[in-house]
Amino acid sequence: MKNAMKLTSNLINLELVERDLLRSQRVMDKWLADPELNTSEKGQHRVTVAANKLGYISYLKESPIIEIKKYFSLAGSAGLAKHNLRELDLPIGQTRSAWGFYENLNVLICFATDEELRLASEVNSLKYDYPGNEEKPWLLVRYIAVLKNYLADKPVLDTELAALLEECELPSRTKEEQVYVVPMIRGLVALFHDNETQWQEAISECVERHIDEVKNGDLKQSYDGYFSMPALALAKLGLSKGWKPSVESVYLPVSLIS
């Protein structure tokens, strides 16, 4: 586990990693043996979680890149299927969070096919958000809407992009928004404006905030801490323009998307 030495700030117990590896492999083996078992939203959620863990664990173990990409590709596909299987009407007693779709989009951007990205851009917002949500993460929901337009190659008014940037500067921004949304908005606006310098700055900010969370925050004992999927997604979008990230970090494994 060479990467276990590199990722010294991530404190996941390696025995737990091995247990999760076996459990996740069992889920995947069952799904591969009979995909009909996972034609429900719940089934696709299980596959999403298992494939994501296997992707991160494979990265930790420095498995072949093709294997790492295979698991994340499966995670992205299952996550997309999970959202598409949802009814528009929210069942009584259930909630929905835009954060789950945000995570799914990042994986899809890095590892999905063009067709899957097109389908992701068409997912109805009611499938990851719902009316009357008093704790709605408005900035995140607005970011996702603009990102979907970008993926679908649809124009967005400069006034809307400017308004998003202004929202980023408000002191009321939560910690989650500061870490996961604000840098992504800055990077996305840079992509719309063909501003490579600001895109580079956004990736750098994204990686720096990720490292801080790995050392001192919620990613300290999380598989998501092994590398920054949001920063990698931002990098992938720039690669499509012929840009190359200048940030060199174990938390930004550009080799996975090259």
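The values are calculated or read from the model by the stated rules, or taken from the named source; none is laboratory data. A quick note: this is a predicted structure, and the numbers were derived from the prediction, not measured. Ideal geometry is used to build each Cβ from the backbone, glycine not excepted, and the neighbour counts take in all protein chains shown.
Being of a type outside the set (Val, Ile, Thr) and either surrounded by fewer than 10 Cβ atoms within 10 Å (Cβ to Cβ) or more than 9 Å from Val47 (Cβ to Cβ) (or both) is the filter here, so list the residues in the stretch 75-93 that pass it. Scanning the stretch 75-93 gives Gly76, Leu80, His83, Asn84, Leu85, Arg86, Glu87, Leu88, Asp89, Leu90, Pro91, Gly93.
Results for (1) part of a helix (DSSP H, G or I); (2) buried (at least 19 other Cβ atoms within 10 Å of the Cβ); (3) in contact with a Gly (Cβ under 9 Å, 6 or more places away or on another chain); (4) in contact (Cβ under 8 Å) with a residue 60 or more places away in the chain, shown as yes or no for each residue.
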| residue | (1), (2), (3), (4) |
| --- | --- |
| Val179 | yes, yes, yes, no |
| Met184 | yes, yes, no, no |
| Gly187 | yes, yes, yes, no |
| Gln200 | yes, yes, yes, no |
| Ile203 | yes, yes, yes, no |
| Glu208 | yes, no, no, no |
| Lys215 | yes, no, no, yes |
| Lys220 | no, no, no, yes |
| Leu234 | yes, yes, yes, no |
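Count of the stretch 29-49 residues, restricted to those that are surrounded by 22 or more Cβ atoms within 10 Å (Cβ to Cβ) and either aliphatic (A, V, I, L, M) or touching a residue at least 60 places away in the same chain (Cβ under 8 Å) (or both), is 1. A count restricted to the stretch 143-172 and to residues that are exposed (fewer than 15 other Cβ atoms within 10 Å of the Cβ) and in contact (Cβ under 8 Å) with a residue 40 or more places away in the chain stands at 0. Quick check on the stretch 53-73. Is at least one of its residues among the hydroxyl-bearing types (Ser, Thr, Tyr), under 30 Å from Pro155 (Cβ atoms) and touching a residue at least 40 places away in the same chain (Cβ under 8 Å)? Checking the stretch 53-73: not a single residue is among the hydroxyl-bearing types (Ser, Thr, Tyr), under 30 Å from Pro155 (Cβ atoms) and touching a residue at least 40 places away in the same chain (Cβ under 8 Å). Residues of the stretch 240-258 include at least one that is in a helix (DSSP H, G or I) and loosely packed, with under 14 Cβ neighbours inside 10 Å.
Rundown of residues vs (1) touching a residue at least 24 places away in the same chain (Cβ under 8 Å); (2) on the phi > 0 side of the Ramachandran plot; (3) in contact with a helix residue (DSSP H, G or I) (Cβ under 7 Å, 6 or more places away or on another chain); (4) not in a helix (DSSP H, G or I), yes/no style:
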| residue | (1), (2), (3), (4) |
| --- | --- |
| Ala51 | yes, no, yes, no |
| Ala75 | yes, no, yes, no |
| His83 | yes, no, yes, no |
| Thr95 | yes, no, no, yes |
| Gly100 | yes, no, no, no |
| Leu119 | yes, no, yes, no |
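Selection of the stretch 215-258 for residues being over 16 Å from the mean Cα position of the chain (by Cα) and either farther than 25 Å from Leu191 by Cβ or acidic (Asp, Glu) (or both) yields Lys215, Asn216, Gly217, Lys220, Gln221, Glu248. The residue of the stretch 59-81 that is nearest to Trp31 (Cα to Cα), among those that are at pLDDT 95 or above and among the basic types (Lys, Arg), is Lys70. Inside the stretch 236-252, can you point out the residues that are under 14 Å from Ala202 (Cα atoms) and touching a residue at least 40 places away in the same chain (Cβ under 8 Å)? Within the stretch 236-252, Lys236, Leu237, Gly238, Trp243, Pro245, Ser246, Val247, Leu252 qualify.
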